[in-house]
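First the structure, in the form of structure tokens, and then the observations on it.
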Amino acid sequence: MHSSMQKVARLADLPETRGTRVKIGETPILLVREANTVHAYTADCPHAGAPLEKGGICNRRIICPWHKGTFEISDGSLVEPPALKGLTRYDALVDGGDVYVSPEPVESQARSRGADESTMFIAGAGAAGAAACAALREAGFDGRIVLAGKDAPMPYDRTALSKFVVAGDMPADEIPPLLDPSFFTDQNIERIESEAVRLDAATRQVELANGTVIDYNAALVCTGGLPKPMDVPGAKLPHVHILRNRDDAVAIVATLDTAKRAVIVGASFIGLEVASCLRKRKIDTTVISPDKVPFAKQFGERIGEMFMRLHEKNGVSFRMTRNVKAIEANEVELDNGERIPADVVIVGTGVKPATSFVSGITLADDGGIDVDAGMRAAPGLYAAGDIARFPLPRSDSKLRIEHWRVAQQHARVAAFNMAGASREYDGVPYFWTYHFERRFDYLGHTSEPDYVVIDGDLDTQQFIAYLMKDGKVGAVVACEREDETARLAEAMREPLTVEAAREVANM
Ligand SMILES: Cc1cc2nc3c(=O)[nH]c(=O)nc-3n(C[C@H](O)[C@H](O)[C@H](O)COP(=O)(O)OP(=O)(O)OC[C@H]3O[C@@H](n4cnc5c(N)ncnc54)[C@H](O)[C@@H]3O)c2cc1C
Ligand code: FES
């Protein structure tokens, strides 16, 4: 044993079903026991600092409680985003029933770089673009990487916009970057703040708006969605906003000091997250939607109604089964003639894929890019994120899923394949959404479930719900069930009956 190792715990006190947090000086350490062996890692998730001991252990993996970033127990390496790097590891050993850990982290192996002469081009510096940069280097690719993006110099976490920025809890310029700014220099990645205006899959050439032309060996297109504009009179008035990027959020926030009444068009996740932010600012808020119940298609009516009641309890008004007929300077007119006063209107009616610059392949009807399970669209061309129509495991058709972590899962599969590996998407989709200080988790994917099994209490938002399709758990919706959903995020790689899913949840 190295003399600097410190005794931190008794082996007998460590459970095997979850990690245990200890400290060496000020350093938080996660101990994970496997029989008589103990592994030691940093205890705070490298994504946003979640306490990893509150997450789950499943399939010999550590799963983060907050956004389900996943790491191998054996060496801390990254399995699933949104973390973009593995866990810092510390040497640990068991001696005489005591657990000793080194206070110094194990140095990661420095890679030699520069032998490969090929160029990897990435269009879109968002969730998938950032994950792809990190994964290309993780996969050992040591050639040229060019990342071109148009809405910010650094990839940032846009999910914070509708949760914290509009609420006034986080200034827009303090949104965390997805990768440490030094990452790009250290990893020798070229960032170009310009959009791709032409990408030809046949000639493997891309042109940027600033005139740069790049010949690539492989390209990843991950340009996300463009908000669908509203087609009604008044839709372009200055008090009508969309929310996709940081500038949009800044423009919305600028109106909120004086706004007293707001209308949100669309009972989407972003629409209702914004409603929650506006109520925090005590702004009268009305949501207009053609649907009967919010999220009924994704979650079923009972859970959709729970979201509606939660919002109503907090002062949000709904006009469901209604459309907007026109927007005027101070009010919104509905298709039944009702006029709702509004100082600000925020439109959240969905996005369409930002792919019009891509040629040499046939785009899907909705503008998405069809890929195989390896995220390949054509030789040398990959697509990821909101734009990618991909095959979910065990599904007979391709679909687009607009989730942050899915975009990054796609990007990791694509990047490893661009670097010469042979990977397929085998992940479990995961989405989180935040309303009135509560985070809801959604795992898996199903639309129009056959029936829903609910454990816990919907009304107090302490529940886990199994959305059943063809006798198996198609998806899970939960609130305040962090470790249960962490384990399920791993276990749901295989189809589960409700009994099997409950067993995992209650481990
Ligand atoms: C306000 C908001 C809140 C959200 N909250 C959540 C959440 O809580 N949980 C969740 O799972 N998902 C959430 N989402 C959805 C999630 O952000 C998306 O699914 C995810 O960002 C998709 O990643 P992507 O890489 O495909 O696209 P993006 O992250 O959108 O990145 C695409 C980037 O490409 C750029 N671009 C577009 N065209 C070009 C071009 N021609 N050339 C170069 N660059 C281009 C865009 O400007 C953008 O920066 C939220 C979305 C929004 C807008
Ligand atoms: S804090 Fe761990 S994945 Fe987000």
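The values are calculated or read from the model by the stated rules, or taken from the named source; none is laboratory data. Quick caveat, the model's predicted, so the values are computed rather than measured. Using ideal geometry, Cβ is built from the backbone for each residue, glycine included, and neighbour counts are taken over all protein chains shown. For accessibility, only protein heavy atoms count, side chains too; no ligands or nucleic acids. Shrake-Rupley method; radii C 1.70, N 1.55, O 1.52, S 1.80 Å.
General remarks:
- Reported count of residues in segment 353-393, each being open to solvent by 10 Å² or more (accessible area, probe 1.4 Å), in contact with an Asp or Glu (Cβ under 9 Å, 6 or more places away or on another chain) and either at pLDDT below 95 or on the phi > 0 side of the Ramachandran plot (or both), is 2.
- Residue in segment 71-80 that is open to solvent by 30 Å² or more (accessible area, probe 1.4 Å) and either on the phi > 0 side of the Ramachandran plot or within 16 Å of ligand 1 (Cβ to nearest atom) (or both) present: no
- Test: residue in segment 82-99 that is under 15 Å from the mean Cα position of the chain (by Cα), open to solvent by less than 20 Å² (accessible area, probe 1.4 Å) and at pLDDT 95 or above: yes
- Within segment 166-191, the set of residues being out of contact with any Asp or Glu (no Cβ under 9 Å at 6 or more places or on another chain), part of a helix (DSSP H, G or I) and of a type outside the set (S, T, N, Q) comprises ASP173, GLU174, PRO181, PHE183.
- Positions within segment 273-296 being more than 22 Å from PRO449 (Cα to Cα) and within 21 Å of the chain's Cα centre (by Cα), in sequence order: GLU273, VAL274, ALA275, SER276, CYS277
- When ALA254 is tested against (1) out of contact with any strand residue (DSSP E or B) (no Cβ under 8 Å at 6 or more places or on another chain); (2) of a type in the set (Gly, Ala, Ser); (3) touching a residue at least 12 places away in the same chain (Cβ under 8 Å), just one condition goes unmet, and that condition is (3).
- Scanning segment 470-507 for residues that are open to solvent by 40 Å² or more (accessible area, probe 1.4 Å) and under 24 Å from the mean Cα position of the chain (by Cα) gives GLU480, ARG481, GLU482, GLU494, PRO495.
- Test: residue in segment 450-465 that is buried (at least 20 other Cβ atoms within 10 Å of the Cβ), more than 11 Å from ligand 1 (Cβ to nearest atom) and either under 13 Å from the mean Cα position of the chain (by Cα) or charged (D, E, K, R) (or both): no
- Taking segment 332-365 as the range and being charged (D, E, K, R) and within 16 Å of ligand 1 (Cβ to nearest atom) as the test, only LYS352 passes.
- Yes/no for PHE431 being part of a strand (DSSP E or B), in contact (Cβ under 8 Å) with a residue 24 or more places away in the chain and crowded, with 24+ Cβ neighbours inside 10 Å: no
- Counted residues, segment 192-239 - those being in a strand (DSSP E or B) and either under 22 Å from GLU402 (Cβ atoms) or at pLDDT below 95 (or both): 8
- Taking each residue of segment 114-125 that is at negative phi and looking for partners that are part of a loop (DSSP other than H, G, I, E, B) and crowded, with 24+ Cβ neighbours inside 10 Å with beta-carbon atoms closer than 6 Å, six or more apart or interchain, yields ALA123/THR223; ALA125/GLY149; ALA125/PRO155.
- Positions within segment 1-50 being in contact (Cβ under 8 Å) with a residue 40 or more places away in the chain, open to solvent by 30 Å² or more (accessible area, probe 1.4 Å) and part of a loop (DSSP other than H, G, I, E, B), in sequence order: MET1, HIS2, SER4, GLU16, THR17, ARG18, GLY25, ASN36, PRO46, ALA48
- Looking across segment 54-75, the residues that are part of a loop (DSSP other than H, G, I, E, B) and more than 27 Å from ALA160 (Cα to Cα) come down to ASN59, ARG60, ILE73, SER74, ASP75.
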